[in-house]
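Working notes, structure below.
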Amino acid sequence: MRWLLWFLVVLLVLLQYRLWVGDGSLAEVWSLYQQVEVQRAENQRLLERNQALEAEVKDLKQGLDAIEERAREELGMIKKGESFYQIIDEPPAKDEPGR
């Protein structure tokens, strides 16, 4: 009878070891759960970025206004008959030391 009690205690210890430390333990499951949450957040961020890019592509394909806006802002292009004005701000005057 005593050997049965020892066998059950050893079996309980082995099962507890597997539960807390072994393969498929609670710590491992918790770690995997956290990795899934991080991946879901990353997927959501990428989905929003892709939707914004898709809307921009659709806008570029359908209208000339977006193309014209990009040409003006990024390439500095102007239409015929328009005048281009560039305003350059002067850097702030530095006080001379000793005054």
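The values are calculated or read from the model by the stated rules, or taken from the named source; none is laboratory data. Values in this document were obtained by computation on a predicted structure and should not be read as measured data. Cβ coordinates were reconstructed from backbone atoms using ideal geometry, including for glycine residues, and neighbour counts include every protein chain displayed. In case anyone asks, the SASA skips ligands and DNA or RNA and just uses the protein heavy atoms, side chains included. Shrake-Rupley method; radii C 1.70, N 1.55, O 1.52, S 1.80 Å.
Checking the structure you have, find out if any residue of segment 76-99 is open to solvent by 90 Å² or more (accessible area, probe 1.4 Å), without any contact (Cβ under 8 Å) to a residue 40 or more places away in the chain and in a helix (DSSP H, G or I).
No, segment 76-99 has no match at all.
Residues checked against (1) at pLDDT below 85; (2) open to solvent by less than 100 Å² (accessible area, probe 1.4 Å):
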site: ALA27; (1), (2): yes, yes
site: VAL36; (1), (2): no, yes
site: ARG40; (1), (2): no, no
site: ALA66; (1), (2): yes, yes
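Considering only segment 1-75, give the helices (runs of 4 or more DSSP H) lying wholly within it that have at least 1 residues that are out of contact with any Asp or Glu (no Cβ under 7 Å at 6 or more places or on another chain) and of a type in the set (Phe, Trp, Tyr).
2-20, 26-62
Those residues that are open to solvent by 90 Å² or more (accessible area, probe 1.4 Å) and in contact with a helix residue (DSSP H, G or I) (Cβ under 9 Å, 6 or more places away or on another chain), I need them from segment 1-20; list them, please.
Selection gives TRP20 alone.
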